[in-house]
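J.: Before I ask anything, let me first share the structure, which is written out below as structure tokens.
The values are calculated or read from the model by the stated rules, or taken from the named source; none is laboratory data. Nothing here was measured: the structure is a model prediction, and the numbers come from that model. A quick note on method: Cβ atoms are made from the backbone with ideal geometry, for glycine too, and the neighbour counts reach across all protein chains shown. Note: accessible area is taken over every heavy atom of the protein model, side chains too, but ligands, DNA and RNA are not part of it. Shrake-Rupley method; radii C 1.70, N 1.55, O 1.52, S 1.80 Å.
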Amino acid sequence: MAGETLFVTTFGKSHPLLEDSRLFLALERPDDAAEMIRAMRPDAMKNFAFFEEQVTAKRQATYLYRMARSPTDFLFTIRTRRKSRCIGTVGLHEYDAHDRMVRIGCIIFQPRDRRKGYGHGAIELALQYAFEVLKVNKVYLNVFHENTRAQAIYARMGFRPEGVLLEEYLLDGKFHDMVRMCILARWREATPTT
């Protein structure tokens, strides 16, 4: 039926199918691990400090299993509509039902897939899920203070700076300041999405 929302359930989590004209999000499953490892390529992931050791299929499957069972984390695979190729992940983490907020993060694995609007599209779909399904009031993110390009992109999407978290993130033995940005439900309702 036209306009009907399709729902998908994985590990007891039910969510609407999230898609746009170029990509779709699928709730990650542990059996996605091997495909994700192939898509990641270690040299393309070296700047992500949360990969402290080499990522293996077994380690990734364990992580995906934990995320799938978590009541506060919603991790999605970003896939191209053409060929259903896995190009990254977008996650809603630390969901707080009482305070109605969640943290968002997005990774596009390969440089060849960056700067093509995939991250923007995935974040828009995840924001739709956060505000319409989880019914949060606030979605926030942390971005490196020196990454002004990303801050400008997030600002165009409606995120606003909340403040600077001093020496918040350790990368390659050096602490980095992070800018915390957020978007509130009422701002999103007042501004059309791009």
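J.: If you take the residues of the range 61-109 that are polar (S, T, N, Q) and surrounded by fewer than 20 Cβ atoms within 10 Å (Cβ to Cβ), which of them is nearest to His120 (Cα to Cα)?
T.: Here the residue is Thr80.
J.: Then there's this: Condition first: crowded, with 16+ Cβ neighbours inside 10 Å and either farther than 20 Å from Arg79 by Cα or modelled with pLDDT under 75 (or both). Can you find one or more residues in the range 46-56 that meet it?
T.: In the first step, residues of the range 46-56 are kept if they are crowded, with 16+ Cβ neighbours inside 10 Å; the result is 55.
Keeping just the survivors that are either farther than 20 Å from Arg79 by Cα or modelled with pLDDT under 75 (or both) gives 55.
There is at least one residue in the range 46-56 that is crowded, with 16+ Cβ neighbours inside 10 Å and either farther than 20 Å from Arg79 by Cα or modelled with pLDDT under 75 (or both).
J.: Could you list, in sequence order, all residues of the range 111-133 that are farther than 18 Å from Met157 by Cβ and surrounded by 15 or more Cβ atoms within 10 Å (Cβ to Cβ)?
T.: Selection gives Asp113, Val133.
J.: Hey, another quick one. Scan the range 162-181 and tell me whether some residue there is open to solvent by 40 Å² or more (accessible area, probe 1.4 Å) and closer than 17 Å to Ala122 by Cβ.
T.: No: zero hits.
J.: Say we look at the range 55-113 and pick out the residues that are of a type in the set (Asp, Glu) and out of contact with any Phe, Trp or Tyr (no Cβ under 8 Å at 6 or more places or on another chain); which of these is farthest from Ala33 (Cα to Cα)?
T.: If we take residues in the range 55-113 being of a type in the set (Asp, Glu) and out of contact with any Phe, Trp or Tyr (no Cβ under 8 Å at 6 or more places or on another chain), then Asp99 is farthest from Ala33 (Cα to Cα).
J.: Among the residues of the range 156-176, write down those that are among the small types (Gly, Ala, Ser) and outside any strand (DSSP E or B).
T.: Taking the range 156-176 first, the residues among the small types (Gly, Ala, Ser) are 158, 163, 173.
Hits for the range 156-176 are Gly158, Gly173.
J.: Continuing with this model, one more query. Can you run down the residue pairs with Cβ atoms below 9 Å, 6 or more apart or on separate chains, where the first is in the range 148-174 and among the polar types (S, T, N, Q) and the partner is open to solvent by 90 Å² or more (accessible area, probe 1.4 Å) and not in a loop (DSSP other than H, G, I, E, B)?
T.: Gln151/Pro161
J.: Name the single residue that is modelled with the highest pLDDT among those in the range 34-43 being surrounded by fewer than 17 Cβ atoms within 10 Å (Cβ to Cβ) and not basic (Lys, Arg).
T.: Glu35
J.: Going by the conditions given, is Ala190 surrounded by fewer than 16 Cβ atoms within 10 Å (Cβ to Cβ), more than 20 Å from Asp96 (Cβ to Cβ) and modelled with pLDDT under 95?
T.: The answer is yes for Ala190.
J.: Tell me, which residue of the range 1-33 that is outside any loop (DSSP other than H, G, I, E, B) and open to solvent by 50 Å² or more (accessible area, probe 1.4 Å) is modelled with the highest pLDDT?
T.: Glu19
J.: Right, next: Out of the residues in the range 141-150 meeting the condition of being in a strand (DSSP E or B) and open to solvent by 20 Å² or more (accessible area, probe 1.4 Å), tell me which one is nearest to Leu23 (Cα to Cα).
T.: Asn142
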